[in-house]
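Single-structure report; data block below.
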Amino acid sequence: GKSGYDHFMLKEIHEQPRALRQCLRGRVGELTGEVDLGDLGDLTPRAVQFVACGTSYHAALYATQLFQQAGIPAQAFLASEYTTSTPPIGDALVVGVTQSGETADTLSALREARRRGARTLAVTNTVGSTAARECDHALYIRAGPEIGVAATKTFASQLAALNLLTLGITSVDDDREVISGLRDLPSAVQEILDDSVAREVAETYRDAESYFFIGRGLNYPVALEGALKMKEITYKHAEGFAAGELKHGPLALVTENTPVFATVTGDDEMARKTIGNVKEVEARDAPVVAVTDGESDVERYADHVLEVPDTHPRVAAVVANVQLQLVAYHTANMLGRSIDKPRNLAKSVTVE
Ligand code: F6R
C-alpha cells in the first residue's frame, strides 16, 4: 500500500534514504572504507559506454563524468540511437542502466554490444530481469519495488550504485572524500524531505506554462531529470539545458512567465559560470529558483532557494534532484494530475 501517502510517488520519494542505505550496505567496508563489489572489482575496462533511456540515461550521463574524472574514457548513448551509430568498441565495457531490466531499446543496444564483442554489465533494480540474465555481469541497485511510473528512488539508487561502480573499478586521489560523502548521502536526503520550500515553489508557479532547468557538470543531468519529471507528471512544457547552452538559443524563450531552476553547488569556476547564466535570465525578469548548498552567492539572484546540505558535489547532485522531484510532485498534485499513472506512459517500455 501507500503507507498513508497520497501517492506511490511521494512514498517512493520518502523511501530514498532507506533505498540508498540498502544500495550501500555491505559494499563500503566499515573500517577500510574500501568499496567491494565482488567479481566486478576485477573488471579493468579501458573505456566504458553506457546505454540507457529516459531517467536512466540521465544517470548514465552522470556516470560518464565519474569515469572521466577517474581517467577512463566514457560515453553515454541513448539506447535507441546506439544501434544506428557505429561507436568504437575496442576493449570497452558496455553498461546498460535500466531500472526494470526490461526496456526493449536498452536490451537491443546491449545485444548489439555483445555482437560487437563487448563485455556487458546491467545496472538494474530487478533480479532475474532480462538485462540481468543476458549481460555478463549485473550490479543491483537494491531500491526495492517502485510502483509510480515516474522513476524517483531508482534514479537516486542508480546514482549511488554508479558511484560504487566507479570506485570499485578505478582508483583516484579523492576516493576517500567520495566514500565519506556517500556514507552521508542517506541522511543528506533525509534532511530535505520535509522542507516546505518545494511546496511553496510549486504553489507559486503552478500556472506557469513552461519551466526551465539549468546546470553544469554533474548538475547538467540533474537539470535534464528535473525537466523530465516535471513534464511527465504535470503535462506542462519543461526543458533542461546545460547552463552554457542557454544563450545559444533557449534564452529567446525566457520571460517573466518561465521559472528557471538553477542547480549550483560548490563555489568553483563552474558555479561562477552558472551564476553568470542566472544573471542573464534574471535580467529577462524570469523567476529564479536556486537549488544550492549555499557555498556560492547564487542566492542573491534567486527568488526562492531549495537547500542542499553542504556535501561532496556528487552527493549534492543527488539531493538537488530530490528537491526537484518534490517540486514536480507538488505541482502535479495541485493541478490534480494522475501522478502515479501519467497519461500515455507505461512503467516498463517493452517495445522499441
Ligand atoms: C521516467 C521514466 C522513464 C524510464 C525509462 C527507462 O520517470 O521512468 O524515462 O527511466 O523508460 O526505464 P528503465 O530504467 O526501466 O530501463
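FYI, it's all coordinate maths here, none of it is from the lab. Computed from a prediction, not measured in an experiment: that's the story for all the values here. Quick reminder, even Gly has a Cβ in these numbers, built from the backbone with ideal geometry, and neighbours come from all protein chains shown.
Quick notes on this one:
- From most to least packed by mean Cβ count within 10 Å, the peptides 57-66, 1-10 give 57-66, 1-10.
- Whole-Å semi-axes of the range 224-346's equivalent ellipsoid (Cα gyration tensor): 24, 18, 12
- Rg over Rh [alpha-carbon atoms, Kirkwood Rh] for the range 94-135: 0.92
- Surrounding net charge for Gly217, when Lys and Arg each add one and Asp and Glu each subtract one, Cβ distance under 12 Å: +1
- Applying the Kirkwood pairwise sum to the alpha-carbon positions of the chain produces a hydrodynamic radius of 20.3 angstrom.
- Per-residue packing, averaged as other Cβ atoms within 10 Å, sorts the ranges 102-115, 182-195, 339-352, 312-325 into the order 312-325, 102-115, 182-195, 339-352, beginning with the highest.
- Of all aspartates and glutamates in the structure, those lying under 13 Å Cα to Cα from Lys231, and not within fewer than 8 positions of it along the same chain, are Glu209, Glu239.
- Computed from backbone phi, the HN-Hα couplings of the range 294-310 come to x, 6, 9, 9, 4, 4, 4, 9, 10, 7, 9, 10, 9, 7, 10, x, 6 Hz, rounded to whole numbers (Karplus: 6.51 cos²θ - 1.76 cosθ + 1.60, θ = phi - 60°; Gly and Pro given as x).
- Remark: the range 333-339, residue by residue, has Karplus-estimated 3J(HN,Hα) of 5, 5, 8, x, 6, 7, 4 Hz, where x stands for each Gly or Pro and the curve is 6.51 cos²θ - 1.76 cosθ + 1.60 at θ = phi - 60°.
- Rounded, prolate or oblate (a/c below 1.5 giving rounded, otherwise prolate when a/b exceeds b/c) for the range 207-284 by Cα gyration tensor: oblate
- With the convex hull drawn over the C-alpha atoms of the range 1-117, the volume per residue is 142 Å³.
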